[in-house]
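Remarks on the structure that follows.
The values are calculated or read from the model by the stated rules, or taken from the named source; none is laboratory data. Note that this is a predicted model, so its numbers are computed, not measured. Glycine also receives a Cβ, built like all others from the backbone with ideal geometry; neighbour counts cover every protein chain displayed. Remember, those area values only see protein heavy atoms, side chains included, never the ligands or the DNA or RNA. Shrake-Rupley method; radii C 1.70, N 1.55, O 1.52, S 1.80 Å.
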Amino acid sequence: MRIYEEADYAAVSRRAANLISAEVIRRPDCVLGLATGSSPIGTYRQLIAWHRQGDLSFKEVTTVNLDEYLCLAPNHSQSYRYFMQEEFFNHIDIKPENTYVPDGLAPDPIEECRKYDNLLRTLGGTDLQLLGIGHNGHIGFNEPGNEFVKSTHVVDLTPSTIEANSRFFPSPSDVPRKAITMGIGAIMSTRRVLVVVSGEDKAEIVRAAFMGPITPKVPASILQIHGDVVLVGDTAALSRLTETEVKACGF
Ligand code: F6R
């Protein structure tokens, strides 16, 4: 694992965008696994800025998102499809047909999961998977449990995730209770994992995920056995790692 310790969210976003743009420049037809949430917003803004300057094109890129709430329409303001359009896709030159997000309105969600795994297989997996980490250690919506679920699946969101995500909804009771998420298998088969974390409130889970035992109770801990993980965090989010740990993994 490599760790980049940055001063603040802006620097984290710039570093993460740098690593993504390197991938896109090196492999213009790469497949990017993307995430929603607060962590990657700055990264997307930086990528958009470089695109506007004429330094970066996504014309041949394909993207596959991690997850989507069940029962939210793509044009619902809290759906992850809507988030991706607003925060990224509408501002770059990616072909709309090359952007994939699970369909939260699929009449048969189990079939939608199967189709999503087929899609991932057809694409040959992702070249780079961007991830945030939930306070409970979830990646995508792979929530803490007794086993790592390999394939794309329908998940019951935990009370802590519902609580964390209620900040985007009028009230906690409006947060969908279920979601479709890419499984741990697809996440682990990406060539490179890029994790972005920011803020003191993530410090504890970052320590548990990267320095604690590998356990499905902390889904992100599985990343410890991926051969190419880059963790980009600000000083606050990395504050529970010792200097030696950061130095051992840093540049
Ligand atoms: C989003 C996702 C989630 C978030 C995580 C962190 O697609 O899959 O795992 O990455 O909940 O969210 P933020 O970045 O809002 O703290």
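Descriptive notes on the structure:
- Furthest towards positive pole of dipole, TYR82, ILE110, ALA7, structure part segment 1-118, Cβ charges: ALA7
- Computed label-point distance, nm, for sites GLN53 and ALA73 using a 7 Å Cα→Cβ extension: 4.0 nm
- Pairs beyond 23 Å (Cα-Cα), from LYS95/LYS202; LYS202/LYS247; LYS150/LYS202; LYS95/LYS178: LYS95/LYS202; LYS150/LYS202; LYS95/LYS178
- Among PHE169, PHE148, PHE88, the residue with the largest mean-square fluctuation in a Gaussian network model of the chain, with springs joining Cα atoms closer than 10 Å, is PHE169.
- Taking the centroid of alpha carbons for each part, segment 40-62 and segment 116-171 are 24 Å apart.
- For GLU6, the residues whose modelled amide H falls within less than 5 Å of its own, excluding neighbours fewer than 5 places apart on the same chain, are GLY233, ASP234, THR235.
- Estimated vicinal HN-Hα couplings, Hz - segment 140-157 in sequence order (Karplus 6.51, -1.76, 1.60; Gly, Pro = x): x, 10, 6, 7, x, x, 9, 8, 7, 8, 6, 9, 4, 8, 8, 10, 8, 5
- Accessible area in square angstrom per residue, segment 20-165, 1.4 angstrom probe: 44 Å²
- Here CYS249 sits with roughly 30 square angstrom of accessible surface, probe radius 1.4 Å.
- Here the extension length gained between GLN224 and SER171 equals 15.5 nm, from 0.36 nm per residue of separation less the Cα-Cα distance.
- Residues whose amide H falls under 5 Å from that of VAL101, counting only those 5 or more places apart or on a different chain, are ASN65, with hydrogens built in the peptide plane.
- For segment 235-243, Karplus couplings with θ = phi - 60° (6.51, -1.76, 1.60), whole Hz, Gly/Pro x: 4, 5, 5, 9, 5, 8, 8, 6, 4
- Think of segment 126-251 as a dipole: +1 on every Lys or Arg Cβ, -1 on every Asp or Glu Cβ, centred on the Cα centre; then among SER171, ILE222, GLY137, ILE222 lies furthest on the positive end.
- The largest-to-smallest principal axis extents of the Cα set in segment 1-62 are 32, 28, 20 Å.
- For segment 40-112, radius of gyration divided by Kirkwood radius, i.e. Rg to Rh on alpha-carbons: 1.02
- When the alpha carbon coordinates of segment 2-249 are projected onto the principal axes, the ranges are 51, 45, 36 Å, largest first.
- Rounded to the nearest Hz, the phi-derived 3J(HN,Hα) couplings of segment 172-178 under the Karplus curve 6.51 cos²θ - 1.76 cosθ + 1.60 (θ = phi - 60°) are x, 6, 8, 6, x, 8, 10, where x marks glycine and proline.
- Rg followed by Dmax, in Å, when segment 112-251 is reduced to its Cα trace: 15.4, 45
- Protein heavy-atom surface of the chain, 1.4 angstrom probe: 53% of the accessible area is carbon and sulfur, with nucleic acids and ligands not counted.
- Other-chain or far-sequence residues with amide H under 5 Å of LEU131's (modelled H): LEU194, VAL195, VAL196
- Hits among aspartates and glutamates - C-alpha to C-alpha of LYS217 under 19 Å, sequence gap 8 or more where chains match: GLU143, GLU147, ASP156, GLU163, ASP201, GLU204
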